[in-house]
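Worksheet: the structure to be examined is printed underneath.
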Amino acid sequence: MFNENIYRGFLTAENFGRNILVFDETDSTTIRLLEADTPYYTVAVAESQTAGRGRSGRKWISESGVNLCFSVNLPPMKIEHLLPFNIAVGFAVCDVLRSTADVKLKWPNDLMAGGKKLGGILFETSLSGSVTEKVILGIGINVNMTDFPAEIKDIATSLREETGLSYSREELLAELMNRLDAFSEAFLKGSINIGSEWKKYSASLDKKIAVHKNGVKTVFTERGITPSGFLIAEDEKGLITEIVTGDVGYDFSG
Ligand code: BTN
């Protein structure tokens, strides 16, 4: 069971994760924070989720007790900051995981290692007009998982699979909170240029990517992201298109 005392021993963040809710089992840590009235930066962590949510309406599958499934309740932000912030969070998570494995990002923020998915980041919001009322950051990372269900066996990996090591989830979560704390301050001050930083993290910069939109697959070459976080894609004729989050699926092939 996740040990809060061990976690606190590694926590130095001033804001992120100082208040923590630990669930043995819950539907989804994101749903818990959307429905509860908790202080900003509260982290909810679950050993097991019965309705874990992934991007594009998919389920998030995670083995009980060996991985990290957590969500953080963030202060409201402007809608146009959501995508850049979302991407900056990916940088912060990569920075922490890169102390042990070669982790990269697949746009906008799938965590990739060894060509497979190691984890994912999903923001969920409730809106009041053009202002976010609730902003919940949800992160799932496969940490010590070695037994992968058939449906994700070929596409998923874990830190343990990549390195052969086993990890303290408490220490890892605390390090993530520490890094996100520093990173979100830098982001809010405007000192992170996501367009240039992206080049350090992308798994597919200058490589062929396949973009799926409305059932149609188009092959592009990835050329980076814009300051707003849109993917810059070059088609086979050399024409540049900006791909906006939400309207495409995306995978490596082509
Ligand atoms: C993705 O599909 O890549 C994003 C996955 C995000 C999963 C995490 S696990 C903790 C939090 N609770 C959820 O229900 N989803 C997110």
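The values are calculated or read from the model by the stated rules, or taken from the named source; none is laboratory data. From a predicted model like this one, the values you see are computed outputs, not experimental measurements. For neighbour counting, all protein chains shown are included, and Cβ atoms are generated from backbone atoms with ideal geometry for every residue, glycine included. These accessible areas exclude ligands, DNA and RNA; they are computed on the full protein's heavy atoms, side chains included. Shrake-Rupley method; radii C 1.70, N 1.55, O 1.52, S 1.80 Å.
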Check: Looking at (1) in contact (Cβ under 8 Å) with a residue 12 or more places away in the chain; (2) more than 14 Å from the chain's Cα centre (by Cα), which is the only condition GLU35 fails?
Finding: (1)
Note to self: Just to be sure I understand, how many residues within segment 93-106 are farther than 16 Å from ALA156 by Cα and either among the acidic types (Asp, Glu) or open to solvent by 10 Å² or more (accessible area, probe 1.4 Å) (or both)?
What the structure shows: 5
Check: Quick check: is even one residue across segment 198-209 out of contact with any Cys (no Cβ under 7 Å at 6 or more places or on another chain), part of a loop (DSSP other than H, G, I, E, B) and open to solvent by less than 10 Å² (accessible area, probe 1.4 Å)?
Finding: yes
Notebook entry, point to check: In this structure, does GLY17 turn out to be on the phi > 0 side of the Ramachandran plot, within 16 Å of the ligand (Cβ to nearest atom), buried (at least 21 other Cβ atoms within 10 Å of the Cβ) and at pLDDT 95 or above?
Noted result: yes
Check: Given the structure, is ASN109 surrounded by 15 or more Cβ atoms within 10 Å (Cβ to Cβ) and either at positive phi or free of Cβ contacts under 8 Å to residues at least 40 places away in the same chain (or both)?
Finding: yes
Note to self: Condition first: open to solvent by 10 Å² or more (accessible area, probe 1.4 Å), of a type in the set (A, V, I, L, M) and within 9 Å of the ligand (Cβ to nearest atom). Now tell me which residues in segment 26-61 satisfy that.
What the structure shows: ILE31, ALA51
Check: Out of (1) touching a residue at least 24 places away in the same chain (Cβ under 8 Å); (2) away from the ligand (no atom under 12 Å from the Cβ); (3) part of a helix (DSSP H, G or I), what's the single condition that is false for ASN5?
Finding: (1)
Notebook entry, point to check: Hey, any hits in segment 144-152 for a residue that's modelled with pLDDT of 95 or more, surrounded by 15 or more Cβ atoms within 10 Å (Cβ to Cβ) and within 20 Å of the chain's Cα centre (by Cα)?
Noted result: yes
